[in-house]
1. Name the single residue, out of those in segment 26-52 being in a loop (DSSP other than H, G, I, E, B) and within 21 Å of residue 217 (Cα to Cα), that is least open to solvent (accessible area, probe 1.4 Å).
2. Consider residue 186 against the criteria (1) free of Cβ contacts under 8 Å to residues at least 60 places away in the same chain; (2) out of contact with any His (no Cβ under 9 Å at 6 or more places or on another chain); (3) not small (Gly, Ala, Ser): it satisfies all of them except one. Which criterion is unmet?
3. Among what's in segment 217-253 and is over 18 Å from residue 16 (Cβ atoms) and among the aromatic types (Phe, Trp, Tyr), pick the residue that is surrounded by the most Cβ atoms within 10 Å (Cβ to Cβ).
4. How many residues are open to solvent by less than 50 Å² (accessible area, probe 1.4 Å), closer than 26 Å to residue 31 by Cβ and out of contact with any Ser or Thr (no Cβ under 8 Å at 6 or more places or on another chain) when one looks only at segment 123-139?
5. Which of the residues that make up segment 1-30 are within 20 Å of residue 43 (Cβ to Cβ) and polar (S, T, N, Q)?
6. Can you tell me which of 120, 103 is touching a Ser or Thr at 6+ places or on another chain (Cβ under 8 Å), part of a loop (DSSP other than H, G, I, E, B), more than 13 Å from residue 40 (Cα to Cα) and open to solvent by 20 Å² or more (accessible area, probe 1.4 Å)?
7. Could you please find all residues in segment 56-70 being over 20 Å from the mean Cα position of the chain (by Cα) and at pLDDT below 90?
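The values are calculated or read from the model by the stated rules, or taken from the named source; none is laboratory data. Here the structure is a predicted model, which means the values were calculated and not measured. So basically every Cβ, Gly included, is an ideal-geometry build from the backbone, and we count neighbours across all protein chains shown. Heads up: the accessible areas ignore ligands, DNA and RNA and are worked out on the full protein's heavy atoms, side chains in. Shrake-Rupley method; radii C 1.70, N 1.55, O 1.52, S 1.80 Å.
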Amino acid sequence: MRMPVLFIGHGSPMTIEQPQRLAEWQDWGKALPRPKAILMISAHWETRPLMLGATTSLPLIYDFYGFPAEYYQLSYAAPGAPELAARVRTLLAGAKVPFAERPERGWDHGAWIPLLGLYPQADIPLLQISLPSGDEQELMRLGATLAPLRDEEVLIVTSGLLTHNLREWTPDGVVAQWAREFDLWLADRLEARQWQDLCQWREAPGAHKSVPTPDHLLPLFVAMGASGDAERVTFPVTGFEFGSFSHRSVQFG
């Protein structure tokens, strides 16, 4: 069975306490075919060259600040995925993609927060690799390099946010017009598979405020590159958090 490819709008750690959002993630996870392993690429780990993370279960990285103490007690003790790591090395080497190893690095919250929603049992082997570039075309080529994993029962999951402006969040949750415009612009072009238009996202309405730094948007391009020609694009989760964080999530296939 060919696995889909996902982009998850992971939100803040508080997302797991939002009943509606958590239920949407849980329903999404139940609807997905069960993978043999998960390959995760999160906006919260950027390196050059690409790095392979831990292949054993290590303590989580709590890379967020100022939250209540209970958030730093959350756990996600999924098994590591050494067999998947070996396969990823083979694919990267075959495509001449430079890479290195960080076996001591655990999973950051861009990885484990959404997986707590999709697969709360934490029983699927997990490998995280880093985001190696800020170039959209290069990231799509990386996705294409990793795409054969889909036919090997590996779920490729990318994690970020389509709009991510920490300075413009609103406690009342009123969605900013610029965030809504950019979110809808992306959705329209994703549904139409207009990849080249999407690579010009900086020219889109609302882009300047929606994406003050590109890190949270860039994982989307890996997922786009791993998707097959003419595959259906759907949005299992939509909506906003704090008025400026789009939770729109994307499934290819």
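1. Ranking the qualifying residues of segment 26-52, first place goes to 47.
2. The failed condition is (1).
3. Only one residue tops the list, namely 221.
4. Residues in segment 123-139 being open to solvent by less than 50 Å² (accessible area, probe 1.4 Å), closer than 26 Å to residue 31 by Cβ and out of contact with any Ser or Thr (no Cβ under 8 Å at 6 or more places or on another chain): 4 in total.
5. Residues satisfying the conditions are 12, 15, 18.
6. Result: 103 is the single residue among 120, 103 that is touching a Ser or Thr at 6+ places or on another chain (Cβ under 8 Å), part of a loop (DSSP other than H, G, I, E, B), more than 13 Å from residue 40 (Cα to Cα) and open to solvent by 20 Å² or more (accessible area, probe 1.4 Å).
7. 65, 66, 67, 68, 69, 70
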